[in-house]
Amino acid sequence: MSSDEARQGRWERRLHCFCTATRFLTILPLAWGRADDGRFFRASLPLFPLVGLCIGLAGFLLSTLLLQFVPLPVVAFLAVAGLAALTGGLHLDGLADSADGLLSHRPREQALRIMKDSRIGAMGVIALLLVLLGKYVAFSTLDLRILPLLLLLVPLAGRCAILLCMARLDYVGEQGGVGGHFYRRLTLREIFPGWLLLFLLSALLLPGFAILLPFLLVTIVLLFARWCRNRLGGCTGDTLGASCELAETVTALAGAMLIF
């Protein structure tokens, strides 16, 4: 095989991985390579932050356009709704299930069974309300010039959080579940590019935010991962979704407080 053919093969594999990650994390109907998703699920994991950046770029462009014609609170609401809609509520569903299980004060096995239940409990409802309200309050208090920039960073931060949890925890959910199809322990080398991208974009777009944001996110995500290990012995697909929503909300609120 020539070097050109090998290079083409590498790029084709990367494109497969990106499309697989995009189909999993969003509702975008990318058809190319769908039949090969099973082969590329695990290899696509390091590209989760890149998908998050694409989601953020869509939020940046749409909010920049809408702010020319629509009041800030309305754009903030549309931003929160858009983030949920574009992901099909995947991470919000994980957040609700995680809250029901982790906050149930039941033994590990019972907590895991609660998380598998499709019905939502009181803790799940409260968690959803707090996260959605937290994002809306943060977005609606920002300067018109800052909101699009923060919307670029928020989805990226959420997907970086998922990778950090996967680097720290073993999988304890059902092997037949959604998480079981793609989960594997990641190395720090695999998650480093995503976190570096988050830091560099923060430094470029919101310099006063750049140093604190990665430190704050890493601290909070590691504390959440430790809680999952102590309560469940590891993580599930639901707790990964919860870590994404937690990181997005922390990023939004921290941005609102620091840039206010």
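Quick note: the coordinates plus some simple rules give every number you see, no bench work behind them. Remember, predicted model here, so these are calculated numbers, not experimental data. Cβ placement follows ideal geometry from the backbone for every residue including glycine, while neighbour counts extend to all protein chains displayed.
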How much length is gained on full extension from Leu57 to Val125, taking 0.36 nm per residue of separation minus their Cα-Cα distance? 21.6 nm
Which of the DSSP-defined H helices in the chain satisfy a minimum axial length of 15 Å, computed from C-alpha atoms, and a minimum mean Kyte-Doolittle hydropathy of -1.0? 3-25, 48-66, 72-86, 90-102, 122-140, 147-168, 188-205, 212-232, 237-259
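Kindly identify the chain as rounded, prolate or oblate by the Cα gyration tensor criterion: order the square roots of the eigenvalues as a ≥ b ≥ c, call it rounded if a/c is under 1.5, otherwise compare a/b with b/c, prolate if a/b is larger, else oblate.
Verdict is oblate for the chain.
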Among Ala35, Ala138, Ala203, which one shows the highest mean-square fluctuation when the chain is modelled as a Gaussian network with alpha-carbon springs under 10 Å? Ala35
If R0 = 25 Å, then Ala167 and Ala31, at their Cβ-Cβ distance, give a FRET efficiency to the nearest 0.05 of 0.20
Considering only Gly158, Gly233, Gly52, give the residue with the highest GNM mean-square fluctuation for the chain, with springs between Cα atoms whenever their separation is below 10 Å. Gly233
Rank Leu216, Ala252, Leu86 by how far each Cα sits towards the positive end of the charge dipole of the chain (+1 on Lys, Arg Cβ; -1 on Asp, Glu Cβ) and give me just the farthest. Leu216
Quick shape check on region 57-141: root eigenvalues a ≥ b ≥ c of the Cα gyration tensor, a/c under 1.5 is rounded, otherwise prolate if a/b tops b/c, else oblate, and it reads prolate
The answer for the per residue Cα convex hull volume of region 19-101, in Å³, is 111
Taking the Cα centroid of region 122-144 and of region 13-69, what is the distance between the two, rounded to the nearest whole Å? 24
In debye to the nearest 20, the charge dipole size for region 127-260, taken about the Cα centre with +1 at each Lys and Arg Cβ and -1 at each Asp and Glu Cβ, equals 260
Once you mark the trypsin sites (Lys or Arg not before Pro) that are in a DSSP loop and have at most 15 other Cβ atoms within 10 Å, what is the longest gap between them in the chain? 1-118
Nearest 20 debye, what's the magnitude of the dipole of the chain about its Cα centre given +1 on Lys and Arg Cβ and -1 on Asp and Glu Cβ? 460
Could you please state, rounded to a whole Å, how far the C-alpha centre of region 222-260 is from the C-alpha centre of region 86-121? 14
